[in-house]
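Asker: Mind looking over this structure? Questions follow.
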Amino acid sequence: MLTKTMFIKKSNKLSLFAAVMTAGLFAFGAGSALASAAAGGYERANNDVSNVASLQRGARNYMNYCAGCHSAKYVRFNRLAVDLGLTDAQVEQNLIFNGGKLTDTMTITMDEGDAARWFGKAPPDLSLIARSRGTDYLYSFLKSFYLDPSRPTGVNNTVLASAAMPHVLWELQGLQRAVYEGVTAPDGSVEKHFTGFELATPGQLSPEAYDEFVRDTVNFLDYIGEPVQLQRRNLGFRVLGFLLLLFLLAYALKQEYWKDVK
Ligand code: HEC
């Protein structure tokens, strides 16, 4: 029999359950907020490796602005030709600047020791950089150079503090200043909080066009990080489709076998 006390106990249990669930949900929400803060609050790259036109522009950007310092030694030009829908002649004329061959990989002639002496750090190979850093990081990195006269290159970077890389895209983006606001801490000290960038000298591209330029370049880096990713995804969907079909057939067969048993 359900007495009054039992009922109260039961409803207590229920409200405890509800409270735990709600707390759990809050913790989950806080957890994901923490996760995004831990990710550094990077801007989303929103690139699309299935967009071949964007990859072609990215390859052009990369060869013109990055390949002088960075190798991508796991990438071969003739593979680019196939994946980017370019003819061999187009690749030779537009992407290979150092007199190399189609069968070459994207190496550089700069000596690593020299590079380390010139920049303080050798420029890393970029074949797998999108895999190790993530596309949002790369997108934000290329947008976050700001004027800093204390640095040998005249610029610093909010994503990679004291970056040894010069702002090679400054003619396109222009030069920006980092803006800080003073926040008074409870103990009376004033802390500098970064609030955003303001353009000090405009570049050749509008901010929107610069974003597109960077997105295409990051898209290309994403692609070279795993050239087969499109095929892999396509194949994945086909395999799932096949399994679904197989399931339906197997289920129909089971129905057929068991229909007289019961
Ligand atoms: C003048 C030479 C030079 C050019 C050109 C150049 N870089 Fe760099 N880059 C460097 C150096 C030097 C570093 C090492 C920076 C460091 O670790 O402080 C670097 C580092 C990087 C990194 C790694 C950042 C990290 O988190 O470790 C990325 C990504 C990168 N460059 C992308 C690019 C892209 C994309 C381009 C073309 C738009 C480019 N770079 C053009 C010199 C160059």
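The values are calculated or read from the model by the stated rules, or taken from the named source; none is laboratory data. Given the structure is predicted, the values throughout are model-derived calculations rather than measurements. Glycine gets a Cβ as well: all are built from the backbone with ideal geometry, and neighbour counts include every protein chain shown.
Asker: What are the residues in the range 237-259 that are in a helix (DSSP H, G or I) and over 38 Å from the mean Cα position of the chain (by Cα), if any?
Answerer: Once the filter is applied, which keeps residues that are in a helix (DSSP H, G or I) and over 38 Å from the mean Cα position of the chain (by Cα), the range 237-259 yields Leu248, Leu249, Ala250, Tyr251, Ala252, Leu253, Lys254, Gln255, Glu256, Tyr257, Trp258.
Asker: Write out, first by first residue and then by second, each pair whose Cβ atoms fall under 6 Å of each other, whose residues are 6+ apart or on separate chains, and whose first residue, in the range 110-133, is under 18 Å from Tyr62 (Cα atoms) while the second is within 8 Å of the ligand (Cβ to nearest atom) and part of a loop (DSSP other than H, G, I, E, B).
Answerer: Between residues of the range 110-133 that are under 18 Å from Tyr62 (Cα atoms) and residues that are within 8 Å of the ligand (Cβ to nearest atom) and part of a loop (DSSP other than H, G, I, E, B), the close pairs are Pro123/Cys69; Pro123/His70; Leu126/His70.
Asker: In the range 98-123, how many are more than 16 Å from the ligand (Cβ to nearest atom) and more than 26 Å from Val228 (Cβ to Cβ)?
Answerer: Summing the residues that are more than 16 Å from the ligand (Cβ to nearest atom) and more than 26 Å from Val228 (Cβ to Cβ) in the range 98-123 gives 1.
Asker: For residues that are within 12 Å of the ligand (Cβ to nearest atom) and of a type in the set (Gly, Ala, Ser), scanning just the range 141-162, find the one that is surrounded by the most Cβ atoms within 10 Å (Cβ to Cβ).
Answerer: This residue is Ser144.
Asker: Here is a follow-up. Among the residues of the range 162-176, are any polar (S, T, N, Q), assigned by TED's automatic domain parsing to the domain that holds Ala72 and part of a helix (DSSP H, G or I)?
Answerer: There is at least one residue in the range 162-176 that is polar (S, T, N, Q), assigned by TED's automatic domain parsing to the domain that holds Ala72 and part of a helix (DSSP H, G or I).
Asker: Still on this model: Here is a list: Leu95, Leu138, Leu126. Which entry is surrounded by 18 or more Cβ atoms within 10 Å (Cβ to Cβ), within 15 Å of the ligand (Cβ to nearest atom), closer than 23 Å to Val228 by Cα and more than 20 Å from the chain's Cα centre (by Cα)?
Answerer: The match here is Leu95.
Asker: Are any residues in the range 186-230 closer than 30 Å to Tyr74 by Cα, assigned to a helix (DSSP H, G or I) and either without any contact (Cβ under 8 Å) to a residue 40 or more places away in the chain or polar (S, T, N, Q) (or both), and if so, which ones?
Answerer: Ala209, Glu212, Thr217, Asn219, Gln229, listed by residue number.
Asker: For the subset of the range 81-92 comprising residues that are assigned to a loop (DSSP other than H, G, I, E, B) and of a type outside the set (Gly, Ala, Ser), which member is surrounded by the most Cβ atoms within 10 Å (Cβ to Cβ)?
Answerer: Leu86
Asker: Would you pick out the residues in the range 195-206 that are within 30 Å of Asp48 (Cα to Cα) and either in contact with a helix residue (DSSP H, G or I) (Cβ under 6 Å, 6 or more places away or on another chain) or surrounded by fewer than 15 Cβ atoms within 10 Å (Cβ to Cβ) (or both)?
Answerer: Within the range 195-206, Thr195, Gly196, Glu198, Leu199, Pro202, Gly203, Gln204, Leu205, Ser206 qualify.
Asker: Within the range 215-234, is even one residue out of contact with any strand residue (DSSP E or B) (no Cβ under 6 Å at 6 or more places or on another chain), more than 24 Å from Leu138 (Cβ to Cβ) and loosely packed, with under 14 Cβ neighbours inside 10 Å?
Answerer: Yes.
Asker: Just the residues that are part of a helix (DSSP H, G or I) and of a type in the set (D, E, K, R), please, taken from the range 101-134.
Answerer: Residues satisfying the conditions are Glu112, Asp114, Arg117, Arg131, Arg133.
Asker: Would you be able to say whether some residue in the range 163-177 is within 14 Å of the ligand (Cβ to nearest atom), surrounded by fewer than 20 Cβ atoms within 10 Å (Cβ to Cβ) and among the β-branched types (Val, Ile, Thr)?
Answerer: Among the residues of the range 163-177, at least one is within 14 Å of the ligand (Cβ to nearest atom), surrounded by fewer than 20 Cβ atoms within 10 Å (Cβ to Cβ) and among the β-branched types (Val, Ile, Thr), which makes the answer yes.
Asker: Identify all residues within the range 54-76 that are part of a loop (DSSP other than H, G, I, E, B) and more than 10 Å from the ligand (Cβ to nearest atom); write none if there are none.
Answerer: Answer for the range 54-76, where residues must be part of a loop (DSSP other than H, G, I, E, B) and more than 10 Å from the ligand (Cβ to nearest atom): just Ser71.
Asker: So is Val183 without any contact (Cβ under 8 Å) to a residue 24 or more places away in the chain, in contact with a strand residue (DSSP E or B) (Cβ under 9 Å, 6 or more places away or on another chain) and buried (at least 19 other Cβ atoms within 10 Å of the Cβ) or not?
Answerer: No: the conditions fail for Val183.
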